[in-house]
Amino acid sequence: MADKMKKWWDLCRQIFERDEEKKEMPRRYRRLRRNIIFLMLAVTLIPLVIMAATNAMQYQKNIKAERIKPIRAIAGKAAHSFELFLEERLSAIHFISSSYSYEILSGQATLHRIFRILREEYGGYVDLGIINNDGTKVAYTGPYDLLNKNYSNQQWFNEARVRGVYISDVFMGYRDLPHIAMAVQNLNDQGESWILRATMDTKKFEDLISPMGMDPITDAFIVNSKGVLQSDSRNYGKVLDQFPMEIPSSDSGTHVRELTDPDGREIVMVYSRLIKYDFILVMILPQANIFQPWHTLKQEMSYMFVASVIAIFLVILGSTHLLVKRIREADEKRVIAFRELEYTQKLSSIGRLAAGVAHEINNPLAIINEKAGLLKDLVDQDKHHDKEKLMRGVSQILQSVDRCRNITHRLLGFARRIGVQYEMLDINEVIRDTLGFLEKEAHHRNLSIEFKFDEQIPKISSDRGQLQQVILNMLTNAFAAVKDGGQIVLSSWQKDDQTVALAIRDNGHGMSEETMRQIFEPFFTTKKGYGTGLGLSITYGIIKKLGGEIKVDSKIDQGTTFTIFLPKTPPGEMENE
Amino acid sequence: MNDSIKVLLVDDEEEFVTTLAERLEMRGFDPSIATSGDQALSMVQDKAFDLIVLDLMMPGIGGLEVMKQIKSANPEMPIILLTGQGSTKEGMEGMNQGAFDFLMKPLDIEELISQIHEALGKTSA
């Protein structure tokens, strides 16, 4: 049994976690798959089990009722025939005692003749006797020498005198055969009571019972109310043995009990108490036999049930596998799409930068151009002896080259990152550096940019390029929000031992709560027509990746503050892209 | 032949504009310098120029605004725009608003001179 279970478990495990997948399928998909499987199994199997159980109970009830019904009918009919038989025998005795006077019957010859006719007509009669008022047997015909025997102190005699009729329990009589005695009382001309008593064997009982026991497994017999067998039982003893089970006392009619007999057999007992006589007709069948169709059905239903459970299990397993695979593929596609968008966004921010950078570089280049041109002019016109002018030109060229180099270096610093590269950074420096890209614009638009930096802020380990992208995004947004001449405040402080914070506050147009709720969602933009709707969602993504938090606070027409919290040390393992 | 041409050069990069002026002077022009939009506007009122070379991106009043004001007073004044931006968008906009042409920084001085001549309806020497 345990082995079998183990085999099953191994099989299940194999289905659940195929080796090659186990390695590559991340935990959350395995968990998702497991949850879906359990949920689907629950919603399919629980109703199935409930339905199966209900049906099984109903079937069991119906089949039992159906199987017991004919048995019950047979028992009822047999009891009725038995009662009729006793009635008939009794009425024959009655007839004799009423037809003939006491005087005639007490003549041995007449009694002999009647006894002979009785035996011929009915069969089974063993003896016939007349008992007078005193209890003395005055006439007798039969195998025993019972003439003149006195019965006055016997119970049956008194009972017959009181009730007029008496039928005995079965007893062992002539030739050790079971017998039954019946007596009827009558009155002679003098008003004295006399009794006609007949004994017969119980062979007829078997004839009556045998149709009930046609089925070889059915045990049918008669007991009296004291539980003494009145006929042979197949399993519970011979006639006059004590029946080993108690028969519940109940009124006439047919009753059914399911019980376990003293030998431990599960049985069904059908019994019918006779109305007028102290006999109970009993039929006993093994439960297994009666419920055979039920067991067959149950087995079939069980196979069916197990088959459906396996089918459901396999279907769920298969479909879940497929579903999770699809989800995973969709997720992967989404990630790729998002990366592409991120890339597009990066390109667009680079494009945005390009204009500013071009302007910044072109100006010093223009100076270099003019200075170099001037030097050429001077040489052309043979004025190269004007040393001061030449030197000034050259130093201006060098200065302008310096300006260009600064710009290209900043640009490279921005463009450099592909993966996350951690280095120790002074956040203030990163902000100042990034602002360099937009200085010209700030200058031209007369924006007031105020720094409220904590100059003692500790360095943090983070990615310069990514932070620059975040800050550039924030600054671009702030620049877009304010009117010309607007104010932008950049601040930094240490939030706690582990965290530094930086905030970018503008006094621009601000935004509604509705907008605030959506700003970090991809493709949400208020800059219809020229915004990608990706800046803040990517910013959010980067900050999360760096282990930080971003918070926004805004009031319409009063301005917006973005606060970014960054950990001093990056969170555990970072995935390298 | 450039003697009579009075050119006003407007740019916030002083080194650029002074050097350019010197080079134009060497080529016989009569250049004047303004380093902001405001200065340019006041100079235009004081002196009659044949042509204005105007940088688009300047602090304070930007090039387009300066051009608009000059054109409103003197619609015939030829103006050549300079732009440091990588894109030609602003230059095109300036031309739509009446500029003669626009040139990208860094300049080719010969191209500037030929544009000046063209703007003044003269053939270059």
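Return yes or no: is A:ASP426 among the acidic types (Asp, Glu) and either within 14 Å of chain B (Cβ to nearest Cβ) or under 56 Å from the mean Cα position of the chain (by Cα) (or both)? Taking the combined requirement at face value, the residue does not satisfy it.
Residues in segment A:94-115 that are open to solvent by less than 40 Å² (accessible area, probe 1.4 Å), among the hydrophobic types (A, V, I, L, M, F, W, C) and free of Cβ contacts under 8 Å to residues at least 60 places away in the same chain: 3 in all. Residues that are open to solvent by 10 Å² or more (accessible area, probe 1.4 Å), over 15 Å from A:THR560 (Cα atoms), without any contact (Cβ under 8 Å) to a residue 60 or more places away in the chain and not in a loop (DSSP other than H, G, I, E, B) within segment A:451-486 comprise A:PHE451, A:LYS452, A:PHE453, A:ARG464, listed in sequence order.
Looking at segment B:1-54 only, could you name the residues that are in contact with a Ser or Thr (Cβ under 8 Å, 6 or more places away or on another chain), assigned to a strand (DSSP E or B) and more than 14 Å from chain A (Cβ to nearest Cβ)? Correct list: B:LYS6, B:VAL7, B:LEU8, B:ASP30.
Out of A:LYS551, A:LYS452, one residue alone is farther than 30 Å from B:ILE61 by Cα and at pLDDT 80 or above. It is A:LYS551. Among the residues that make up segment B:113-125, is at least one of them part of a loop (DSSP other than H, G, I, E, B) and crowded, with 18+ Cβ neighbours inside 10 Å? No, segment B:113-125 contains no residue that is part of a loop (DSSP other than H, G, I, E, B) and crowded, with 18+ Cβ neighbours inside 10 Å.
Within segment A:351-369, residues that are within 7 Å of chain B (Cβ to nearest Cβ) and closer than 14 Å to A:CYS404 by Cβ sit with their Cβ atoms under 7 Å from residues that are assigned to a helix (DSSP H, G or I) and at pLDDT below 80, at 6+ positions apart or across chains, in these pairs: A:HIS359/A:LYS440.
Among the listed residues B:MET43, B:MET57, B:MET67, identify the single one that is more than 12 Å from the chain's Cα centre (by Cα), crowded, with 20+ Cβ neighbours inside 10 Å and not β-branched (Val, Ile, Thr). Among B:MET43, B:MET57, B:MET67, only B:MET57 is more than 12 Å from the chain's Cα centre (by Cα), crowded, with 20+ Cβ neighbours inside 10 Å and not β-branched (Val, Ile, Thr). A Cβ distance below 9 Å, combined with a sequence gap of six or more or placement on separate chains, defines the contacts here; from segment A:423-441, residues that are farther than 17 Å from A:ALA501 by Cα reach residues that are open to solvent by 10 Å² or more (accessible area, probe 1.4 Å) and of a type in the set (Ser, Thr, Tyr) in the pairs A:GLU423/A:SER461; A:LEU438/A:THR476.
When A:ARG257, A:ARG234 are screened for being at pLDDT 85 or above, basic (Lys, Arg) and touching a strand residue (DSSP E or B) at 6+ places or on another chain (Cβ under 6 Å), only A:ARG257 passes.
Looking at this structure, is A:SER492 at pLDDT 90 or above and open to solvent by less than 10 Å² (accessible area, probe 1.4 Å)?
On the way: at pLDDT 90 or above: yes; open to solvent by less than 10 Å² (accessible area, probe 1.4 Å): yes.
Yes: the conditions hold for A:SER492.
Scanning for something within 24 Å of A:ASN369 (Cβ to Cβ), within 14 Å of chain A (Cβ to nearest Cβ) and not in a helix (DSSP H, G or I), does segment B:67-81 turn up at least one residue? Break it down into steps so the answer makes sense when it comes.
Of the residues in segment B:67-81, the ones within 24 Å of A:ASN369 (Cβ to Cβ) are B:67, B:78-81.
Going one step further and asking which of them are within 14 Å of chain A (Cβ to nearest Cβ), we end up with B:81.
The next check asks that each one be not in a helix (DSSP H, G or I); those that pass are B:81.
Yes, because at least one residue in segment B:67-81 is within 24 Å of A:ASN369 (Cβ to Cβ), within 14 Å of chain A (Cβ to nearest Cβ) and not in a helix (DSSP H, G or I).
Going through (1) within 21 Å of B:ASP108 (Cβ to Cβ); (2) without any contact (Cβ under 8 Å) to a residue 12 or more places away in the chain; (3) within 12 Å of chain A (Cβ to nearest Cβ) one by one, B:MET92 falls short only on (3).
For segment B:96-112, give me each residue that is more than 12 Å from chain A (Cβ to nearest Cβ) and under 29 Å from A:LEU374 (Cα atoms).
From segment B:96-112, those more than 12 Å from chain A (Cβ to nearest Cβ) are B:96-102; that's our starting set.
Hits for segment B:96-112 are B:ALA99, B:PHE100, B:ASP101, B:PHE102.
With at pLDDT below 85 and within 25 Å of A:ARG445 (Cβ to Cβ) as the only criterion, which of B:GLY91, B:GLY37, B:GLY63 stands out? Selected residue: B:GLY91, the only one of B:GLY91, B:GLY37, B:GLY63 that is at pLDDT below 85 and within 25 Å of A:ARG445 (Cβ to Cβ). When A:TYR166, A:TYR151, A:TYR125, A:TYR140 are screened for being open to solvent by 30 Å² or more (accessible area, probe 1.4 Å), under 19 Å from A:ILE180 (Cα atoms) and among the aromatic types (Phe, Trp, Tyr), only A:TYR166 passes. Mind checking which residues of segment A:237-254 are in a strand (DSSP E or B) and either at pLDDT below 85 or within 49 Å of the chain's Cα centre (by Cα) (or both)? Answer for segment A:237-254, where residues must be in a strand (DSSP E or B) and either at pLDDT below 85 or within 49 Å of the chain's Cα centre (by Cα) (or both): A:GLY253, A:THR254. Of the helices (runs of 4 or more DSSP H) lying entirely inside segment A:91-163, those carrying at least 2 residues that are closer than 29 Å to A:PHE205 by Cβ and acidic (Asp, Glu) are A:108-121.
The values are calculated or read from the model by the stated rules, or taken from the named source; none is laboratory data. Every value quoted in this text rests on a predicted model; they were computed, and no experiment measured them. Cβ: placed from backbone, ideal geometry, glycine included. Neighbour counts: every protein chain shown. Remember, those area values only see protein heavy atoms, side chains included, never the ligands or the DNA or RNA. Shrake-Rupley method; radii C 1.70, N 1.55, O 1.52, S 1.80 Å.
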